[in-house]
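J.: The structure follows.
The values are calculated or read from the model by the stated rules, or taken from the named source; none is laboratory data. Keep in mind it's a predicted model, so treat the numbers as computed, not measured. Don't worry about glycine lacking a Cβ; one is built from the backbone with ideal geometry, like all the others, and counts go over all protein chains shown. Note: areas computed on protein heavy atoms with side chains; ligands, DNA, RNA excluded. Shrake-Rupley method; radii C 1.70, N 1.55, O 1.52, S 1.80 Å.
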Amino acid sequence: MNLLQLKSLFIDELTDIYPKDEILSIYYLLIEGFLQLQKKEVFLEPTIELSTQHLSQFKNSIALLKQEKPIQYILGNTEFCGFIFKVNENVLIPRPETEELVNWICSDRISEISNQKDTDSSRTSILDIGTGSGCIAISLAKKCPNTKISALDVSKNALTTAKENAKVNDVDINFIEQDIVNLPRKLNTTLLKKYDIIVSNPPYVRELEKEEMQNNVLQNEPHLALFVDNDNPLLFYEKIAEFAKENLTENGLIYFEINQYLASETALLLEQKGFEMIEIREDIYGNKRMLKATNKSNL
Ligand SMILES: C[S@@+](CC[C@H](N)C(=O)[O-])C[C@H]1O[C@@H](n2cnc3c(N)ncnc32)[C@H](O)[C@@H]1O
């Protein structure tokens, strides 16, 4: 079978499930992933023959796509903030909204650095809570100079993937296995330090919002990363805010990705926990998706 015939096979087999545009973009992504061929090369040489091994790889992918498996899990990687991250069923697929959160932190951090005289003595310490694939922590390490970064998750399997991603992207991150909801009275010593920034994209989708979600997310992405109880949807924000109150430096910052439907409730919670200068930002789709708050001294 050649590339042109493969394209027809994709369209014939997947038309009932995906719109044509999406089938074609998946086809070109898989061609690039499996054959390292760019779209323009396929246009120039559509009659390149596939090896038996590659053909079975594509047929297997079609079977997985019929089960609505996300393309990122089929390829085993995705791009986030311009860097490549391994992904699998143990980690959430990084979302474009989360890139905006990373960019917010970087732009704040960079303007702060340019206001400082002595940058060497001022490495910003950052903790990413619920790191998953490590996309936030690793992108911050790549994009923000002069930072030292820790990243925490309750999932051992997610941390294994995050560690691989740190290695692939050549950054040094201190990874911590910890449940942020049930912190022990005596904390892990690696957590006992003051951070300048705490960032988190915690689970925030209420069970009642499942109806709005697509099948490929519901059936494939880890529910541990996504869902919270309808009755206590801000649990993670509450626990992280309490932890941050103790573990942020004075004037330290907390950055959250938030549930768009609970933006004002989340801001109120942060205010009640003693944070100030609370700012909510919208993502590119116009949804209230990010929040920043400052830790002022209680004195
Ligand atoms: C929404 S995902 C975010 C993943 C990644 N930071 C991102 O932005 O793509 C939430 C993460 O929180 C982790 N998590 C869930 N419950 C947790 C807990 N009790 N303590 C620490 N991490 C938890 C999940 O394993 C998951 O990796």
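J.: Being open to solvent by 10 Å² or more (accessible area, probe 1.4 Å), assigned by TED's automatic domain parsing to the domain that holds Cys106, in contact (Cβ under 8 Å) with a residue 40 or more places away in the chain and not polar (S, T, N, Q): is that true of Lys194 here?
T.: So Lys194 fits the description; yes.
J.: Could you check how many residues of the stretch 271-299 are open to solvent by less than 30 Å² (accessible area, probe 1.4 Å), among the aliphatic types (A, V, I, L, M) and over 21 Å from Leu191 (Cβ atoms)?
T.: Qualifying residue count, the stretch 271-299: 2.
J.: Would you pick out the residues in the stretch 11-22 that are under 17 Å from Gln72 (Cβ atoms) and either open to solvent by 80 Å² or more (accessible area, probe 1.4 Å) or not in a loop (DSSP other than H, G, I, E, B) (or both)?
T.: Leu14, Glu22 - these are the residues of the stretch 11-22 that are under 17 Å from Gln72 (Cβ atoms) and either open to solvent by 80 Å² or more (accessible area, probe 1.4 Å) or not in a loop (DSSP other than H, G, I, E, B) (or both).
J.: Under the condition of being under 15 Å from the mean Cα position of the chain (by Cα) and near the ligand (Cβ under 9 Å from one of its atoms), which residue from the stretch 222-236 is most open to solvent (accessible area, probe 1.4 Å)?
T.: Filtering the stretch 222-236 for residues that are under 15 Å from the mean Cα position of the chain (by Cα) and near the ligand (Cβ under 9 Å from one of its atoms), the one most open to solvent (accessible area, probe 1.4 Å) comes out as Leu224.
J.: May I ask you to verify whether Phe34 is aromatic (Phe, Trp, Tyr), assigned to a helix (DSSP H, G or I) and in contact with a helix residue (DSSP H, G or I) (Cβ under 9 Å, 6 or more places away or on another chain)? Full working, then the answer.
T.: On the way: aromatic (Phe, Trp, Tyr): yes; assigned to a helix (DSSP H, G or I): yes; in contact with a helix residue (DSSP H, G or I) (Cβ under 9 Å, 6 or more places away or on another chain): yes.
Answer is yes for this residue.
J.: Also, I was wondering about something else. Please state which of the following conditions Thr161 fails to meet, knowing it meets all the rest: (1) at positive phi; (2) within 15 Å of the ligand (Cβ to nearest atom).
T.: The failed condition is (1).
Quick grid of which residues meet (1) open to solvent by less than 30 Å² (accessible area, probe 1.4 Å); (2) at pLDDT 95 or above; (3) under 16 Å from Ala63 (Cβ atoms); (4) assigned by TED's automatic domain parsing to the domain that holds Ser56:
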position: Leu9; (1), (2), (3), (4): no, yes, yes, yes
position: Leu24; (1), (2), (3), (4): no, yes, no, yes
position: Tyr27; (1), (2), (3), (4): yes, yes, yes, yes
position: Gln36; (1), (2), (3), (4): no, no, no, yes
position: Lys39; (1), (2), (3), (4): no, no, no, yes
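J.: Further question on the same structure: Evaluate the following for Phe256: is it within 12 Å of the ligand (Cβ to nearest atom), modelled with pLDDT under 95 and touching a helix residue (DSSP H, G or I) at 6+ places or on another chain (Cβ under 7 Å)? Even if it seems obvious, please write down each step before you answer.
T.: Working: within 12 Å of the ligand (Cβ to nearest atom): yes; modelled with pLDDT under 95: no; touching a helix residue (DSSP H, G or I) at 6+ places or on another chain (Cβ under 7 Å): yes.
Criteria not met by Phe256.
J.: With the requirement that a residue be closer than 22 Å to Ala241 by Cα, open to solvent by 40 Å² or more (accessible area, probe 1.4 Å) and either of a type in the set (A, V, I, L, M) or not assigned by TED's automatic domain parsing to the domain that holds Asp229 (or both), what does the stretch 142-181 give you?
T.: Val154
J.: Which condition number in (1) touching a Leu at 6+ places or on another chain (Cβ under 8 Å); (2) within 24 Å of Thr78 (Cα to Cα); (3) without any contact (Cβ under 8 Å) to a residue 60 or more places away in the chain; (4) not aromatic (Phe, Trp, Tyr) is the one that Thr147 fails?
T.: Of (1) touching a Leu at 6+ places or on another chain (Cβ under 8 Å); (2) within 24 Å of Thr78 (Cα to Cα); (3) without any contact (Cβ under 8 Å) to a residue 60 or more places away in the chain; (4) not aromatic (Phe, Trp, Tyr), only one is false for Thr147: (2).
J.: On to the next question. Just a yes or no: is a residue in the stretch 249-259 open to solvent by 60 Å² or more (accessible area, probe 1.4 Å) and closer than 28 Å to Ala141 by Cα?
T.: Yes: one or more hits.
J.: So which residues in the stretch 26-84 are in contact with a strand residue (DSSP E or B) (Cβ under 9 Å, 6 or more places away or on another chain) and of a type in the set (S, T, N, Q)?
T.: Matches in the stretch 26-84: Thr47, Gln72, Asn77, Thr78.
J.: Condition check: open to solvent by 50 Å² or more (accessible area, probe 1.4 Å), free of Cβ contacts under 8 Å to residues at least 24 places away in the same chain, among the charged types (D, E, K, R) and within 13 Å of the ligand (Cβ to nearest atom). Does Lys239 satisfy that?
T.: no
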